[in-house]
Amino acid sequence: MKKTILLLTFIIVASMSYAQNAKYGLRVGYNISNLDFEPYPTFDNQHRNGFAIGVFGEYDLSAAIALAPELQFSAEGAKDRSLRVDYIQAPILVKFRIGSKIALGAGPLVGVKVHEFEDGYRNFGFSGVGAFEYMVTDEIFIDARYHYGITNILDDNPAGLEAKNTNIQIGIGIKI
(Lines give C-alpha, C1' and ligand atoms only; values in the text may rest on other atoms or scores of the structure.)
Protein backbone atom coordinates (compact mmCIF):
# COMPACT_ATOMS: atom_id res chain seq x y z
CA MET A 1 0.00 0.00 0.00
CA LYS A 2 2.82 2.41 0.86
CA LYS A 3 4.53 1.65 -2.45
CA THR A 4 1.31 2.39 -4.34
CA ILE A 5 0.83 5.73 -2.57
CA LEU A 6 4.48 6.63 -3.19
CA LEU A 7 4.17 5.71 -6.86
CA LEU A 8 0.95 7.73 -7.28
CA THR A 9 2.55 10.72 -5.53
CA PHE A 10 5.57 10.50 -7.82
CA ILE A 11 3.34 10.32 -10.93
CA ILE A 12 1.24 13.31 -9.84
CA VAL A 13 4.30 15.44 -9.01
CA ALA A 14 6.01 14.46 -12.26
CA SER A 15 2.86 15.23 -14.25
CA MET A 16 2.42 18.62 -12.62
CA SER A 17 6.05 19.58 -13.21
CA TYR A 18 5.93 18.35 -16.81
CA ALA A 19 2.60 20.04 -17.55
CA GLN A 20 3.86 23.58 -17.05
CA ASN A 21 3.10 24.26 -20.70
CA ALA A 22 -0.39 22.79 -20.47
CA LYS A 23 -3.58 24.47 -21.55
CA TYR A 24 -7.13 23.37 -20.86
CA GLY A 25 -10.35 24.41 -22.47
CA LEU A 26 -13.87 24.03 -23.68
CA ARG A 27 -14.92 23.38 -27.27
CA VAL A 28 -18.33 23.34 -28.99
CA GLY A 29 -18.97 22.22 -32.53
CA TYR A 30 -21.51 21.79 -35.29
CA ASN A 31 -21.68 18.30 -36.84
CA ILE A 32 -22.59 17.34 -40.39
CA SER A 33 -22.57 13.56 -40.16
CA ASN A 34 -23.75 10.56 -42.09
CA LEU A 35 -23.34 6.82 -42.28
CA ASP A 36 -21.22 5.44 -45.09
CA PHE A 37 -22.96 2.18 -46.11
CA GLU A 38 -21.42 -0.69 -48.04
CA PRO A 39 -23.15 -1.74 -50.26
CA TYR A 40 -25.02 1.47 -50.94
CA PRO A 41 -28.44 1.27 -49.27
CA THR A 42 -31.77 1.19 -51.08
CA PHE A 43 -33.30 3.56 -48.50
CA ASP A 44 -32.88 7.35 -48.24
CA ASN A 45 -29.64 8.13 -46.39
CA GLN A 46 -29.43 11.88 -45.69
CA HIS A 47 -26.90 13.62 -43.44
CA ARG A 48 -27.70 14.64 -39.88
CA ASN A 49 -26.98 18.05 -38.40
CA GLY A 50 -25.97 17.78 -34.77
CA PHE A 51 -23.68 19.28 -32.18
CA ALA A 52 -20.65 18.42 -30.08
CA ILE A 53 -19.46 19.80 -26.76
CA GLY A 54 -16.42 18.81 -24.76
CA VAL A 55 -13.39 19.60 -22.66
CA PHE A 56 -9.76 19.10 -23.58
CA GLY A 57 -6.18 19.43 -22.45
CA GLU A 58 -3.25 20.41 -24.62
CA TYR A 59 0.25 19.45 -23.51
CA ASP A 60 3.33 20.75 -25.30
CA LEU A 61 5.79 18.02 -26.22
CA SER A 62 8.03 20.52 -28.00
CA ALA A 63 7.72 24.00 -29.46
CA ALA A 64 5.98 22.59 -32.55
CA ILE A 65 4.19 19.46 -31.29
CA ALA A 66 1.43 19.03 -28.71
CA LEU A 67 -0.70 16.16 -27.43
CA ALA A 68 -4.40 17.01 -27.04
CA PRO A 69 -6.68 14.47 -25.34
CA GLU A 70 -10.35 15.37 -25.24
CA LEU A 71 -13.69 14.16 -23.90
CA GLN A 72 -16.82 15.20 -25.80
CA PHE A 73 -20.46 14.44 -26.49
CA SER A 74 -21.19 14.19 -30.22
CA ALA A 75 -24.56 13.73 -31.98
CA GLU A 76 -23.86 11.71 -35.13
CA GLY A 77 -25.41 9.22 -37.55
CA ALA A 78 -27.90 10.03 -40.30
CA LYS A 79 -31.07 12.13 -40.49
CA ASP A 80 -33.60 9.30 -40.12
CA ARG A 81 -34.42 8.78 -36.44
CA SER A 82 -33.54 5.09 -36.60
CA LEU A 83 -30.06 5.95 -37.94
CA ARG A 84 -29.09 8.46 -35.23
CA VAL A 85 -26.24 7.50 -32.91
CA ASP A 86 -24.92 9.72 -30.12
CA TYR A 87 -21.51 9.15 -28.54
CA ILE A 88 -19.29 10.10 -25.67
CA GLN A 89 -15.98 10.32 -27.52
CA ALA A 90 -12.34 10.50 -26.54
CA PRO A 91 -10.18 11.78 -29.40
CA ILE A 92 -6.43 12.03 -28.85
CA LEU A 93 -4.86 14.41 -31.33
CA VAL A 94 -1.20 14.99 -32.02
CA LYS A 95 -1.02 18.63 -33.11
CA PHE A 96 1.68 20.04 -35.34
CA ARG A 97 1.99 23.83 -35.15
CA ILE A 98 2.63 25.70 -38.37
CA GLY A 99 3.50 29.19 -37.22
CA SER A 100 1.88 30.85 -34.23
CA LYS A 101 -1.75 30.67 -35.40
CA ILE A 102 -2.22 27.43 -37.36
CA ALA A 103 -2.05 23.81 -36.25
CA LEU A 104 -2.78 20.53 -38.00
CA GLY A 105 -3.77 17.47 -36.00
CA ALA A 106 -4.41 13.77 -36.41
CA GLY A 107 -5.14 10.83 -34.20
CA PRO A 108 -7.51 8.11 -33.05
CA LEU A 109 -10.96 8.52 -31.59
CA VAL A 110 -12.89 6.01 -29.50
CA GLY A 111 -16.61 6.48 -28.94
CA VAL A 112 -19.03 4.91 -26.49
CA LYS A 113 -22.64 4.95 -27.63
CA VAL A 114 -25.20 6.61 -25.37
CA HIS A 115 -28.94 5.86 -25.35
CA GLU A 116 -30.33 2.39 -25.88
CA PHE A 117 -28.00 -0.59 -25.79
CA GLU A 118 -30.21 -3.04 -27.74
CA ASP A 119 -30.83 -0.90 -30.85
CA GLY A 120 -28.72 -2.75 -33.44
CA TYR A 121 -25.64 -0.52 -33.08
CA ARG A 122 -22.37 -1.51 -31.46
CA ASN A 123 -21.60 0.10 -28.14
CA PHE A 124 -18.06 1.10 -29.18
CA GLY A 125 -16.81 2.75 -32.32
CA PHE A 126 -13.32 3.64 -33.50
CA SER A 127 -12.49 6.43 -35.94
CA GLY A 128 -9.57 8.38 -37.30
CA VAL A 129 -9.55 12.18 -36.98
CA GLY A 130 -7.90 14.89 -39.05
CA ALA A 131 -8.01 18.48 -37.76
CA PHE A 132 -7.19 22.07 -38.74
CA GLU A 133 -7.05 24.78 -36.05
CA TYR A 134 -6.71 28.56 -36.34
CA MET A 135 -6.03 30.73 -33.28
CA VAL A 136 -8.17 33.88 -33.53
CA THR A 137 -6.66 35.33 -30.32
CA ASP A 138 -4.29 33.90 -27.73
CA GLU A 139 -7.21 32.02 -26.12
CA ILE A 140 -9.99 31.67 -28.75
CA PHE A 141 -9.72 29.30 -31.70
CA ILE A 142 -11.83 27.95 -34.55
CA ASP A 143 -11.29 24.53 -36.02
CA ALA A 144 -12.52 22.00 -38.55
CA ARG A 145 -12.31 18.24 -38.16
CA TYR A 146 -13.10 15.19 -40.21
CA HIS A 147 -13.87 11.85 -38.54
CA TYR A 148 -13.99 8.65 -40.54
CA GLY A 149 -15.12 5.43 -38.91
CA ILE A 150 -12.76 2.48 -38.90
CA THR A 151 -15.22 -0.01 -37.43
CA ASN A 152 -18.62 -1.16 -38.62
CA ILE A 153 -21.17 0.33 -36.21
CA LEU A 154 -23.95 -2.13 -37.09
CA ASP A 155 -24.40 -5.03 -34.68
CA ASP A 156 -25.65 -8.39 -36.06
CA ASN A 157 -26.88 -7.07 -39.39
CA PRO A 158 -28.63 -9.85 -41.36
CA ALA A 159 -28.84 -7.75 -44.56
CA GLY A 160 -25.05 -7.76 -44.94
CA LEU A 161 -24.78 -3.99 -44.69
CA GLU A 162 -21.74 -2.33 -43.21
CA ALA A 163 -21.97 1.24 -41.90
CA LYS A 164 -19.19 3.58 -40.83
CA ASN A 165 -19.58 7.02 -39.27
CA THR A 166 -18.41 10.01 -41.27
CA ASN A 167 -18.49 13.43 -39.68
CA ILE A 168 -17.42 16.95 -40.51
CA GLN A 169 -17.19 19.06 -37.37
CA ILE A 170 -16.76 22.83 -37.29
CA GLY A 171 -15.95 24.17 -33.85
CA ILE A 172 -15.01 27.09 -31.68
CA GLY A 173 -13.28 26.94 -28.35
CA ILE A 174 -11.29 28.62 -25.65
CA LYS A 175 -7.91 27.65 -24.19
CA ILE A 176 -6.81 28.82 -20.77
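For Phe51, the residues whose amide H sits under 5 Å from its own are Asn31, Ala75, ignoring neighbours fewer than 5 places away on the same chain, with H placed 1.01 Å from N.
Cα axis of helix 2-18 to longest principal axis of the chain: angle in degrees, 0 to 90, nearest 10? Tilt relative to the chain: about 90 degrees.
In this simple spin-label approximation, Arg122 and Leu161 carry label points 7 Å from Cα along the Cα→Cβ vector, and these lie 1.7 nm apart.
Rounded to the nearest 20, the size of the Cβ-charge dipole of segment 26-88 about its Cα centre is 240 debye, with Lys and Arg at +1 and Asp and Glu at -1. A cut-off under 14 angstrom between Cβ atoms defines the neighbours of Tyr148, and their net charge, with Lys, Arg +1 and Asp, Glu -1, is -2. Hey, which of these cross-link pairs are over 22 Å Cα-Cα: Lys23/Lys164; Lys79/Lys175; Lys79/Lys113? Violating the 22 Å Cα-Cα cut-off are Lys23/Lys164; Lys79/Lys175. In terms of accessible area, using a 1.4 Å probe and ignoring ligands and nucleic acids, Leu83, Leu26 rank largest first as Leu26, Leu83. Under 5 Å between amide hydrogens, built in the peptide plane, is the criterion, and for Arg122 it picks out Leu154, Asp155 among residues at least 5 positions away or on other chains.
For segment 42-49, backbone phi angles converted through the Karplus equation (6.51, -1.76, 1.60; θ = phi - 60°) give residue-by-residue couplings of 8, 9, 6, 10, 9, 5, 10, 9 Hz, Gly and Pro being listed as x.
Take the Cβ atoms of Tyr30 and Ser62, set R0 to 22 Å, and the FRET efficiency comes out at 0.10.
Rounded to whole Å, give me the distance from the Cα center of segment 20-68 to that of segment 139-176. So the two Cα centres are separated by 6 Å.
Basic side chains Lys and Arg get +1 at the Cβ, acidic Asp and Glu get -1 at the Cβ, and with that the dipole of segment 16-155 about its Cα centre reaches some 300 debye.
The values are calculated or read from the model by the stated rules, or taken from the named source; none is laboratory data. The structure presented is a predicted model; accordingly, all values stated were derived computationally and were not measured. For neighbour counting, all protein chains shown are included, and Cβ atoms are generated from backbone atoms with ideal geometry for every residue, glycine included. Ligands, DNA and RNA are stripped out before the accessible areas are found, and what is left, the full protein with its side chains, is counted by its heavy atoms. Shrake-Rupley method; radii C 1.70, N 1.55, O 1.52, S 1.80 Å.
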